[in-house]
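The values are calculated or read from the model by the stated rules, or taken from the named source; none is laboratory data. Note that the structure is a prediction, hence the values are computed from the model and not measured. When we count neighbours, we look across all protein chains shown, and the Cβ atoms used for this are built from the backbone with ideal geometry, even at glycine.
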Amino acid sequence: MWRLSVVAFFVAFAPVCGYVAPPPTKGSASPTRGLRGRGQGHFSPWAEATEQAEAEASWNPLGLGFALGMVIVLLTSSPAPSMAEDWDHNDIPGWNKKFPMCSQRSESQSPVDIKEVDASKPPQSLADFANYNPVSATQIVHNGHVMQVNGKFGQLRLPDGEYEVKQFHFHFPAEHKINGKLAAGEMHIVHQRKGASGTDGLAVVGILLSETNNAGNSEEIKFLTNLGFGSELPVKGEKTNNADMVDLNAFKAQLRSGFYHYSGSLTTPPCSEGVRWYVVNQTAPVTSAMIKTFKERFPEPGDARPVQGLNGRPVLLNHLSLAGEFDSPSLIEVLRQPGLNADTSLEAAKKRIKQKLERSMKAIDDEAAAKKKALVDESEKKSALLSEKINALSERRQAARLAQLKAEEAEAELEALELIG
């Protein structure tokens, strides 16, 4: 029926008007997709999405031909893709039907509950590697999944290069847990390595938000207020302008504090893995009024994914890189390296990958050996201490037995004297 209606419209009006519809105007609310792609491996950074150029409606004598062409297309093609969402937070278990990586069978998913950490690495500070800058003329967007702000807010320098901020967004309640505790909310600053595309080269800084009404007019509160928290946030599919410049340096105190690092995934479809997570352990303040304005747009259960299993993954404390983390390039990354042209054989590329993987495995083995030695040494110390305690206890028991024997002898002597007397 819908086809016949559209056909009837074009047949009835196109010959008279010859009207050609203008392209979407600037600022029109068209769905955008960022890290949350429509399918496995699909990624179109929201910060890089551009709006259609402004254009005015025009009268075109070719309109009739256009209309007849549309009639043919409508009668021969399948319906256009539905604007309905591929997923939502009301059916998280159902994500894996369209996005296999979201399955519980995947072993490196995010978020996680951070409990046991490895503090053996030299401590580092995220603030020393983050170079954020203020950006004007920004907007906060309600894309149906999260509240998001796009923009070039700076870089994060990691061992394999610079990672550019693409966007930041919010989850209420928080997604990561620390020692089993869940914060009121969480802000994710999404970075992508320069030159990377798709879901490759992603790094996310997570800042937990703790509810308080005693934060005054702190930098963090002013930052959130500028976005509309505490007053009004955009409804689904809409966006609002931010009054002042947006500067991630408002969270400098959190970046200077400690952080947890592990390898995980996107927390929403397509749940792609290989994402570098840096979750700061000092929370930022958020008021109850700000939480309320967010929940008005995202009612229960909110927009947070439950924690996933760590499955043996290490979590570092205050250190940027896991063992071998930046030494295992993909085949595509190797083929892009200088010295490898189109004539380079696949075997040569595989050889280079193998060499890097061998170095990575050696580093992992060396680290494991060092930890094993430390455990053995600790075990030997405990064993020696236990042996000393056992010996001391044995000596005390022998002394007690000897004392008992002497007491018995003395008692026997007394009884003998009594009989003589």
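Quick notes on this one:
- Filter result for the condition that a residue is more than 22 Å from Val141 (Cβ to Cβ) and of a type in the set (Val, Ile, Thr), over Val275, Val235, Val246, Val307: Val307
- Within segment 119-163, if we keep just the residues that are among the acidic types (Asp, Glu) and without any contact (Cβ under 8 Å) to a residue 40 or more places away in the chain, the residue that is nearest to Glu186 (Cα to Cα) turns out to be Asp128.
- Filter pass, Ala196 being at pLDDT below 95 and over 13 Å from the mean Cα position of the chain (by Cα): yes
- So Ser218, is it under 22 Å from Glu164 (Cβ atoms), of a type in the set (Gly, Ala, Ser) and surrounded by fewer than 22 Cβ atoms within 10 Å (Cβ to Cβ): no
- All positions within segment 196-222 that are without any contact (Cβ under 8 Å) to a residue 40 or more places away in the chain and closer than 15 Å to Gln148 by Cβ: none
- Ala203 being surrounded by fewer than 23 Cβ atoms within 10 Å (Cβ to Cβ), within 21 Å of Arg305 (Cα to Cα) and touching a His at 6+ places or on another chain (Cβ under 8 Å): yes
- Subset tally (residues that are of a type in the set (Gly, Ala, Ser) and outside any loop (DSSP other than H, G, I, E, B)) for segment 83-135: 3
- Complete set of residues in segment 167-198 that are in a loop (DSSP other than H, G, I, E, B) and within 16 Å of Ala284 (Cβ to Cβ): Phe172, Pro173, Ala174, Glu175, His176, Ala183, Ala184
- Taking the criterion of being part of a loop (DSSP other than H, G, I, E, B) and surrounded by 15 or more Cβ atoms within 10 Å (Cβ to Cβ), the residues of segment 228-256 that qualify are Gly228, Phe229, Gly230, Leu233, Pro234, Asn242, Asp247.
- So Lys166, is it assigned by TED's automatic domain parsing to the domain that holds Phe298 and either within 19 Å of Ala250 (Cβ to Cβ) or free of Cβ contacts under 8 Å to residues at least 12 places away in the same chain (or both): yes
- Number of the condition not met by Leu208 [criteria: (1) under 17 Å from the mean Cα position of the chain (by Cα); (2) within 22 Å of Gln308 (Cα to Cα); (3) surrounded by fewer than 19 Cβ atoms within 10 Å (Cβ to Cβ)]: (3)
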